[in-house]
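Student: Just passing along the structure, written as structure tokens.
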Ligand SMILES: *[C@@H]1O[C@H](CO)[C@@H](O)[C@H](O)[C@H]1NC(C)=O
Ligand SMILES: *[C@@H]1O[C@H](CO)[C@@H](O)[C@H](O)[C@H]1NC(C)=O
Ligand SMILES: *[C@@H]1O[C@H](CO)[C@@H](O)[C@H](O)[C@H]1NC(C)=O
Ligand SMILES: *[C@@H]1O[C@H](CO)[C@@H](O)[C@H](O)[C@H]1NC(C)=O
Ligand SMILES: *[C@@H]1O[C@H](CO)[C@@H](O)[C@H](O)[C@H]1NC(C)=O
Ligand SMILES: *[C@@H]1O[C@H](CO)[C@@H](O)[C@H](O)[C@H]1NC(C)=O
């Protein structure tokens, strides 16, 4: 037996739809009365109000435990990384002595990097600290902010300071300077009370001859303890990172030289296989000349 489908006219369908939205007999809007809608609205208001309150409370409790001056999560065991200036993506410093354009940007990078080290700026912002010991500025119960920083004068970099230097850090005469810096690690007592220095050498011992003579600034590549500890960007406002410069005096021209510089400090390991910048940095240097 076939069920005969009730055929509706277009007008009937429209009327049904209209009634589904607003039913004048029962006073229902979309199938609910006004009070029912009000109840739902009220429920969601309370529900979201509660969620907001919960979120705010959680945030507030979290913020109570945060000291704005000390990063909450820091890896105290991390070994400071080393980096060079001028820095290029591949740590490759290649240039042609007679072609100014090839070393112009290196000189500019060094000029920009060393600007804050100008003696006049250092004298105006930082203290002349006593060398050979840490510049500790503990809080001792009361906040001792901001912390003072120690002077690192540009002139301490001697022939690599770029001051009154017609050779432009040695790039114009094929005896270039490379600056080496150690990345900042908050609250780290580098050297553990013993003197530190940075030394550079050919990556392969047999290449030492070609790499030739080097001179370090400050003398012996010394890094003083007075630049530690570093207390963080927010409190140690004028902190000036110590740097060491190496000048290559007799670099063989037209040859790739692979150099590694590392820090010698009793509490900084330089043999981490996973992090090749831990306490050391390797780079390539090449001087082209006719
Ligand atoms: C820093 O010293 C260099 C060389 O004397 C000079 O050219 C530069 O303008 C100085 N920079 C500042 C910010 O004083
Ligand atoms: C840095 O240079 C300034 C200005 O010449 C000088 O007064 C100050 O003693 C120097 N500081 C150090 C640590 O050599
Ligand atoms: C930082 O340097 C500015 C000048 O540039 C100086 O006024 C201020 O006192 C210094 N702050 C600290 C904590 O050394
Ligand atoms: C450095 O030596 C001083 C004096 O002997 C000592 O008080 C301090 O704890 C030492 N600091 C470190 C990081 O070893
Ligand atoms: C650098 O430090 C190491 C270890 O602390 C030391 O053996 C070496 O003689 C120092 N080198 C220079 C040039 O001072
Ligand atoms: C160095 O630059 C000069 C001038 O641009 C050029 O004649 C010469 O061939 C270059 N030398 C090398 C080794 O690239």
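Student: Among 48, 106, which is more than 16 Å from ligand 5 (Cβ to nearest atom) and surrounded by 11 or more Cβ atoms within 10 Å (Cβ to Cβ)?
Tutor: Being more than 16 Å from ligand 5 (Cβ to nearest atom) and surrounded by 11 or more Cβ atoms within 10 Å (Cβ to Cβ) holds for just one of 48, 106, which is 106.
Student: In addition: Does residue 153 meet the test of being modelled with pLDDT of 95 or more and closer than 27 Å to residue 247 by Cβ?
Tutor: Against the criterion (modelled with pLDDT of 95 or more and closer than 27 Å to residue 247 by Cβ), residue 153 qualifies.
Student: Kindly establish whether residue 252 is in contact (Cβ under 8 Å) with a residue 24 or more places away in the chain, on the phi < 0 side of the Ramachandran plot and either within 16 Å of ligand 4 (Cβ to nearest atom) or in a loop (DSSP other than H, G, I, E, B) (or both).
Tutor: yes
Student: Looking at (1) crowded, with 17+ Cβ neighbours inside 10 Å; (2) over 13 Å from residue 231 (Cα atoms), can you tell me which one residue 150 breaks?
Tutor: (2)
Student: Just for segment 159-185: of the residues that are surrounded by fewer than 17 Cβ atoms within 10 Å (Cβ to Cβ) and within 20 Å of residue 243 (Cα to Cα), which one is farthest from ligand 1 (Cβ to nearest atom)?
Tutor: Top of the filtered list is 183.
Student: Can you name the condition, by its number, that residue 199 falls short on among (1) in contact with a helix residue (DSSP H, G or I) (Cβ under 7 Å, 6 or more places away or on another chain); (2) assigned to a loop (DSSP other than H, G, I, E, B)?
Tutor: So residue 199 meets the others, but not (2).
Student: Take the residues in segment 214-232 that are part of a strand (DSSP E or B) and within 27 Å of the chain's Cα centre (by Cα); name whichever of them is nearest to residue 257 (Cα to Cα).
Tutor: Once the filter is applied, the top-ranked residue is 216.
Student: Taking the stated definitions as given, is residue 274 free of Cβ contacts under 8 Å to residues at least 40 places away in the same chain and either within 16 Å of ligand 6 (Cβ to nearest atom) or under 19 Å from residue 91 (Cα atoms) (or both)?
Tutor: yes
Student: Return yes or no: is residue 253 surrounded by 12 or more Cβ atoms within 10 Å (Cβ to Cβ) and within 15 Å of ligand 5 (Cβ to nearest atom)?
Tutor: no
Student: Residue 211: crowded, with 19+ Cβ neighbours inside 10 Å, more than 19 Å from the chain's Cα centre (by Cα), more than 16 Å from ligand 6 (Cβ to nearest atom) and over 21 Å from residue 113 (Cβ atoms), yes or no?
Tutor: Yes; evaluated as a whole, the condition is true for this residue.
The values are calculated or read from the model by the stated rules, or taken from the named source; none is laboratory data. These numbers come from a predicted model, not from an experiment. Cβ: placed from backbone, ideal geometry, glycine included. Neighbour counts: every protein chain shown.
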